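As structure tokens, the structure follows; a few thoughts come after it.
The values are calculated or read from the model by the stated rules, or taken from the named source; none is laboratory data. In this text, all values refer to a predicted model and were calculated from it rather than measured experimentally. Ideal geometry is used to build each Cβ from the backbone, glycine not excepted, and the neighbour counts take in all protein chains shown. For accessibility, only protein heavy atoms count, side chains too; no ligands or nucleic acids. Shrake-Rupley method; radii C 1.70, N 1.55, O 1.52, S 1.80 Å.
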Amino acid sequence: MDQYPTIDYRLLVDNLTTAILLVDCNLNIFYLNSSCEALFDISLFRAAGQPVINILHAPNDSFNTLDALNNTIKTGQAYTRREAIINVNFKDMHVDYSVSQLNTGKPYHPLLLIELNPIDRMLKISKEENLIQQHQVARQLIRGVAHEIKNPLGGIRGATQLLARSLNDPQYAEFTDIIISEVDRLRNLADTMLGSRQIPSYEAVNVHEPLERVRSLIVNQTKKKIKITRDYDLSLPDVKADRDQLIQVMLNISVNAVQAMTENREFFVDHQPELILRTRIQRLVTINGVLNKSAIRIDIEDNGPGVPEEILESVFYPLVTGRAKGTGLGLSIAQNIMHQHNGMIECQSVPGKTVFSLYLPWESNHVA
Ligand SMILES: Nc1ncnc2c1ncn2[C@@H]1O[C@H](COP(=O)(O)OP(=O)(O)O)[C@@H](O)[C@H]1O
Ligand SMILES: [Mg+2]
């Protein structure tokens, strides 16, 4: 080509998906493109002149952003950070970003060019895929162990009954009774580990109906010591689901919340224990690697002390428990049931606010 086409660079920059920030020598914002305005939810008009450190650095990031930026201004040495945490409207967000010097030719005005790519969605998807895989392996292992435990139990129980009969001595009855009741306890545990053997029977369900069932069970169980708040979107469409299995999922999660609140009374010095049941339509959710235009979201929220930090990442794995008498099976079974429904459960927890969100896609599943 003997002649370059004319390009409107401003238009080009504003149409990039990469967020771009220009910073002056005092590390104040000089310019940001449209993607960057969207990323930080701030207009160029409001951002210009503000210290860039306010948005490029999160308080809980140990990296010294200020020193690094000053160093690039001084030496011209560019740098890239992966999975850095930045602070957007008081919320942490993960981004990859590169900082380089932009030589404008004006001696008083060395500028920095910062290019940012948000990666939260990508992080979340790969984390989810890992989770699902590990979960499936663990479930298989558990089922295998449960089978192996269960098989000899019938034999032990039968033999003990025969023994009790032939001994025919009340002095030993106490011991044989112990063996039989412990065997029964083990068998119940193994049954829970195996999970539901029933094939799900799908029907049109309005999620508020099982939710209300669970609510009344909890009200009876806690004898009104816990405040239960309902925040329902009654316009939600029906979904195709196994009603009894949904009840089991909601019950497992609500019982955990109730246990966390009632077993940690000391946490509630200046507030009341509260369980919130919330239903919503959620747009654009990725469930098991599939992007759904919309899904039904059911939140089961409590204001207890939160999931212990050391088990938060693995809370859905079988046998992971934070309670002395727990089995660690409740959430694993619940997650399994939701997978069978093409849905999933997510957990967010900090002291004072724990939310388990159940997602059920309804577009692929919905009942006309
Ligand atoms: N709402 C909650 N608040 C605090 N911790 C929770 C909550 N839900 C679950 N947990 C933690 O997750 C663990 C695993 O739960 P689960 O799989 O139901 O097993 P289990 O209840 O038998 O321990 C619990 O032991 C508890 O430590
Ligand atoms: Mg439980």
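Looking only at region 227-269, count how many residues are assigned to a loop (DSSP other than H, G, I, E, B), more than 16 Å from ligand 2 (Cβ to nearest atom) and either at pLDDT below 90 or over 25 Å from Trp362 (Cα atoms) (or both). Working first, answer last.
As a first pass, look at region 227-269 and keep what is assigned to a loop (DSSP other than H, G, I, E, B): 232-238, 242, 263-264, 268-269.
Okay, now just the ones that are also more than 16 Å from ligand 2 (Cβ to nearest atom), so 232-238, 242, 268-269.
The next check asks that each one be either at pLDDT below 90 or over 25 Å from Trp362 (Cα atoms) (or both); those that pass are 268-269.
Residues in region 227-269 being assigned to a loop (DSSP other than H, G, I, E, B), more than 16 Å from ligand 2 (Cβ to nearest atom) and either at pLDDT below 90 or over 25 Å from Trp362 (Cα atoms) (or both): 2 in total.
On the given criteria, is Leu113 closer than 18 Å to Asn26 by Cα, in a strand (DSSP E or B) and over 23 Å from the mean Cα position of the chain (by Cα)?
Numbers: closer than 18 Å to Asn26 by Cα: yes; in a strand (DSSP E or B): yes; over 23 Å from the mean Cα position of the chain (by Cα): yes.
Considered against the rule, which asks whether it is closer than 18 Å to Asn26 by Cα, in a strand (DSSP E or B) and over 23 Å from the mean Cα position of the chain (by Cα), Leu113 comes out as yes.
Among (1) away from ligand 1 (no atom under 11 Å from the Cβ); (2) part of a helix (DSSP H, G or I), there is one condition Ala334 misses while meeting the rest; what is its number?
Unmet for Ala334, out of (1) away from ligand 1 (no atom under 11 Å from the Cβ); (2) part of a helix (DSSP H, G or I): (1).
So in region 284-318, with the set limited to residues that are touching a helix residue (DSSP H, G or I) at 6+ places or on another chain (Cβ under 7 Å) and either more than 26 Å from Gln272 (Cβ to Cβ) or of a type in the set (Asp, Glu) (or both), which one is modelled with the highest pLDDT?
Applying the filter and picking the extreme gives Asp302.
Restricting to region 292-321, what's the tally of residues that are more than 21 Å from Glu266 (Cα to Cα), open to solvent by 30 Å² or more (accessible area, probe 1.4 Å) and away from ligand 2 (no atom under 16 Å from the Cβ)?
Going through region 292-321 one residue at a time, the tally reaches 3.
I need a count of the residues in region 149-192 that are free of Cβ contacts under 8 Å to residues at least 12 places away in the same chain and under 32 Å from the mean Cα position of the chain (by Cα).
1
Gly195 is checked against (1) under 23 Å from the mean Cα position of the chain (by Cα); (2) modelled with pLDDT under 95; (3) under 23 Å from Thr279 (Cα atoms) and fails just one. What number does that condition carry?
Only one criterion is unmet by Gly195, namely (3).
Identify, please: which residue in region 84-97 is more than 19 Å from the chain's Cα centre (by Cα) and not aromatic (Phe, Trp, Tyr) and is, among those, most open to solvent (accessible area, probe 1.4 Å)? Spell out how you get there, then give the answer.
Within region 84-97, the subset more than 19 Å from the chain's Cα centre (by Cα) is 84, 86-90, 95-97.
After this cut, where a residue has to be not aromatic (Phe, Trp, Tyr) as well, the list is 84, 86-89, 95-96.
Numbers: Ala84: 1, Ile86: 0, Asn87: 32, Val88: 15, Asn89: 96, Val95: 0, Asp96: 35 Å².
The qualifying residue most open to solvent (accessible area, probe 1.4 Å) is Asn89.
A quick yes/no check of all residues on (1) away from ligand 1 (no atom under 11 Å from the Cβ); (2) part of a loop (DSSP other than H, G, I, E, B); (3) free of Cβ contacts under 8 Å to residues at least 24 places away in the same chain; (4) within 21 Å of Ser235 (Cα to Cα):
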{"site": "Arg278", "(1), (2), (3), (4)": "yes, no, no, yes"}
{"site": "Leu284", "(1), (2), (3), (4)": "yes, no, yes, yes"}
{"site": "Gly306", "(1), (2), (3), (4)": "no, yes, no, no"}
{"site": "Lys325", "(1), (2), (3), (4)": "no, yes, yes, no"}
{"site": "Glu346", "(1), (2), (3), (4)": "yes, no, yes, no"}
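Taking the residues in region 335-365 that are among the hydrophobic types (A, V, I, L, M, F, W, C) and within 14 Å of the chain's Cα centre (by Cα) as candidates, determine which candidate is most open to solvent (accessible area, probe 1.4 Å). Before you say what the answer is, go through the steps one by one.
Step one: filter region 335-365 for residues among the hydrophobic types (A, V, I, L, M, F, W, C), giving 337-338, 344-345, 347, 350, 355-356, 358, 360, 362.
Next, only the ones that are within 14 Å of the chain's Cα centre (by Cα) stay: 338, 344-345, 347, 350, 355-356, 358.
On the way: Met338: 1, Met344: 9, Ile345: 7, Cys347: 33, Val350: 86, Val355: 18, Phe356: 17, Leu358: 2 Å².
Ranking the candidates gives Val350 first.
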